Amino acid sequence: MCVPEWMRGSFTRAPDLAIPDADARGASDEIVAYGLATVDMGVEVEAFIRHPYPGDLLVTLSNPLGTEATVFDGEVDYWWGEDLRLEGPVLGFSGDEDVNGVWTLKVVDRLARDVGTLEEWTLTVTSRWD
């Protein structure tokens, strides 16, 4: 579907954030989305994470109202060394919740012995009027 350019926004952060080992609190980083219409039509995430065993990781995304969706749940088809690159749509948002505001990406290392970092991530939201 074609939408005006201003109804689609991409926002990037490069936090170089340590992911604590075997800690359910994980590492969280925030992006503020702004200037969009009211609700989502599509949400995409690109993330670059360094971790020796990406299968240990759970990555979630929360929208400004706190609805959480899973981005990655340890299923690794292919990775190169300690680099995990995630790219694609995030399913699980209703399409009826505000898109402007704070979005939170959380990375949890579920098993002990290895640490990693959230190097960079991009949130892309396509919006529409409610």
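The values are calculated or read from the model by the stated rules, or taken from the named source; none is laboratory data. Just so we're clear, the structure is a prediction, and the values are computed from it rather than from any experiment. Counting neighbours? That spans all protein chains shown, and the Cβs are built from the backbone with ideal geometry, glycine included. With ligands, DNA and RNA removed, areas are computed over all heavy atoms of the protein, side chains included. Shrake-Rupley method; radii C 1.70, N 1.55, O 1.52, S 1.80 Å.
For segment 32-61, the residues whose amide N sits under 15 Å from a probe point set 7 Å from the Cα of residue 87 along the beta carbon direction are 44-49.
The alpha carbon centroids of segment 14-69 and segment 77-130 are separated by 4 Å. I'd like the FRET efficiency for residue 3 and residue 58, computed as 1/(1 + (r/R0)^6) with the beta carbon distance as r and R0 of 30 Å, rounded to 0.05. Given R0 = 30 Å and the Cβ-Cβ separation, E is 0.45.
Figure note: 114, 21 ranked by solvent-accessible area, largest first, 1.4 Å probe, ligands and nucleic acids not counted: 21, 114.
Normalised by the number of residues in the chain, the average gap of Cα pairs under 8 Å and 6 or more apart makes the relative contact order 46 percent.
Give me the log10 of I(q) over I(0) for the chain at q = 0.15, 0.19 Å⁻¹, as the Debye formula computes it from C-alpha points; what are the numbers? Per q value, in the given order, log10 I(q)/I(0) is -0.66, -0.99.
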